[in-house]
1. Failed condition for A:Phe30, given (1) of a type in the set (A, V, I, L, M, F, W, C); (2) in contact with a Leu (Cβ under 8 Å, 6 or more places away or on another chain); (3) at pLDDT 75 or above, with all others met?
2. Given the options B:Lys144, B:Lys115, B:Lys160, name the one that is surrounded by fewer than 17 Cβ atoms within 10 Å (Cβ to Cβ) and modelled with pLDDT of 95 or more.
3. Regarding B:Asp421, is this residue of a type outside the set (A, V, I, L, M), in contact (Cβ under 8 Å) with a residue 12 or more places away in the chain and closer than 21 Å to B:Val77 by Cβ?
4. Would you mind stating whether B:Ile69 is farther than 30 Å from B:Thr372 by Cβ, within 18 Å of the chain's Cα centre (by Cα) and either at pLDDT 95 or above or surrounded by fewer than 21 Cβ atoms within 10 Å (Cβ to Cβ) (or both)?
5. Picking from B:Ala339, B:Ala344, B:Ala335, B:Ala348, which residue would you name as being at the interface with another protein chain (Cβ under 7 Å from one of its Cβ atoms), touching a Phe, Trp or Tyr at 6+ places or on another chain (Cβ under 7 Å) and not in a loop (DSSP other than H, G, I, E, B)?
6. Just wondering, is there one or more residues in segment B:312-325 that are more than 7 Å from chain A (Cβ to nearest Cβ) and within 23 Å of A:Glu101 (Cα to Cα)?
7. Could you tell me which of the residues A:Lys77, A:Lys96 is surrounded by fewer than 22 Cβ atoms within 10 Å (Cβ to Cβ), within 7 Å of another protein chain (Cβ to nearest Cβ), over 24 Å from B:Trp419 (Cα atoms) and not β-branched (Val, Ile, Thr)?
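The values are calculated or read from the model by the stated rules, or taken from the named source; none is laboratory data. Since the structure is predicted, the reported quantities are computational estimates derived from the model, not experimental observations. Cβ: placed from backbone, ideal geometry, glycine included. Neighbour counts: every protein chain shown.
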Amino acid sequence: MPLFHVHQLIKISTICVGLLGSVLLSAPSFAQTSASNINNRSLAATCANCHGTNAVTVPNSGMPGIGQLDSAEMLRKLMAYKSGAQQGTIMPQLAKGYTDEQLTTIASVLGKK
Amino acid sequence: MDRRHFLGQSLASAGLLAGCASTTPINISKAQVVVVGGGYGGATAAKYIRMFSNNTAQVTLIEPNTDFISCPMSNLVIGGSRTMAEITSPYDNLAKRHGVKLIKDMVESVDQKQKTVKLASGTTIKYDKLVLSPGVHLMMDQIKGLTEANQAGVTLQAWKAGPETVALHKQLAAMRDGGVYAISIPEAPFRCPPGPYERACQVASYFKKNKPKSKVLIFDANADIVSKAGLFRKAWATLYPGMIEYNPKHNVVAVDAKTKTIKFEVQDDVKADVLNLLPLMRAGDIAVKSGIANSNGRWVQVNYLNFAATAAKDIHVLGDSIQIAPLMPKSGHMANSHAKVAAAAIVAELGDLEVNSAPVLTNTCYSFVDATQVVHVASVHQYNAAEKTFKTVPGSGGLSPEPTVLEGIYAWGWAKNIWADSLA
């Protein structure tokens, strides 16, 4: 009996994926990716726990959103947290754990395009 | 040591199962990735393997629960300031938005030779890559009488958020004013290092408002508070003067369900009205049953570059089940971080790309000292190639200077965003 539900669920999910087809089709294929692309996205994903997947912060969650920042603004903020010029609760402590190069990569992946 | 265990260890020590060894490349769109366990590690891995493979790798998530119930924040339900609904999220967005196949079932066994998992329902599923994120198993038999006391409903652990979370709150609600709540803490490492001390705060917060003559007794097998020691000590003294009693080096060895008595290795017996005894913990059952828990038989050693178990091929292990690197907590945030590093490595391996040689992990952990005020601990862990482990970056990370309501708002912001990052 539970299996029946599972199959139903999978079928429903397949249909939903089908409906999302246009989104998925417009996404790059695997051949278009590279090790550095995956590594950079993986590094930027260390921000997602608090600020949302791909910088899409949950609305009204109480967490400051970062999706409105372009890459230059984001990098300026991150470097200010790292240097201590910008006060905060957790961000000054976290920013100090990344190299300047890593912060640059993060800002370039997550900054508003 | 059984034969499989022995073989696994010998192969690992001979370096024959180096996790990074590239396998024969297969077409990634035909690759079957099976993820076992839909907690912070497994759910995140399922989603990010789909994302990093640009939705090409086939990912199946096997999880017995209908919904995700968060352990972080569950202490607030025990303290009565929040409800289960507020810490529960659905799994179906992983299917709808990311094309993850969801199977509501348990994995009974892993056949490493055939590369299959067998489910409780009897179904067998083939994998090219297996991700195990089975959390912790509470070693109930390490405290004499604990299993019976738990089955009788006398002592609850509530260390996996769910029915026991609600039941523990009900026990507190039913307790007389002037009663005693006792929590015992096992020797580290255990899931959520600050969790027991936060729970003491939440129970005290409930007592302060509803049953002010009551007491909270903490019996810690460790020599001192394991996490945020100064902050908790100060919060107990200022917010709950005379209510919380902290007893280090108290190792619980037995419990008598009938008389609600706790017995210690050294000290005299103690009676309490509500008993919340946490035994030693180890990796989730499927990891131990599969013979890959090669660190004292309790935790799984992994290659930190890709989270592959050192004792098996194409099995990656995440979250609380692994043998931790120095200063790496067993936390939901950390499991989510493991999952992203593992997801990137698994996609790279399946796609015949080079695995990242410099991954980064972060941890952020908020603890509520009452219903609204919060303290945090945060850390950044960079991979150290020379030592083949993650190390925290000197000068980074740290604690809150004091509890604040602002961090309480951020704590809920963290929860809502990590739930979405893992599940939506």
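1. (2)
2. Just one listed residue meets the conditions, B:Lys144.
3. no
4. When the stated conditions are applied, B:Ile69 does not pass them.
5. Values: B:Ala339 fails: at the interface with another protein chain (Cβ under 7 Å from one of its Cβ atoms); B:Ala335 fails: at the interface with another protein chain (Cβ under 7 Å from one of its Cβ atoms); B:Ala348 fails: touching a Phe, Trp or Tyr at 6+ places or on another chain (Cβ under 7 Å).
Only one candidate qualifies: B:Ala344.
6. Step one: filter segment B:312-325 for residues more than 7 Å from chain A (Cβ to nearest Cβ), giving B:312-325.
Applying the additional criterion that residues be within 23 Å of A:Glu101 (Cα to Cα) yields none.
The answer is no, given that none of the residues of segment B:312-325 is more than 7 Å from chain A (Cβ to nearest Cβ) and within 23 Å of A:Glu101 (Cα to Cα).
7. A:Lys96
Residue by residue, here is whether (1) among the β-branched types (Val, Ile, Thr); (2) touching a Lys or Arg at 6+ places or on another chain (Cβ under 9 Å); (3) more than 16 Å from B:Ala46 (Cα to Cα) holds:
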| residue | (1), (2), (3) |
| --- | --- |
| B:Val100 | yes, yes, no |
| B:Ser109 | no, yes, yes |
| B:Gln112 | no, yes, yes |
| B:Thr124 | yes, yes, yes |
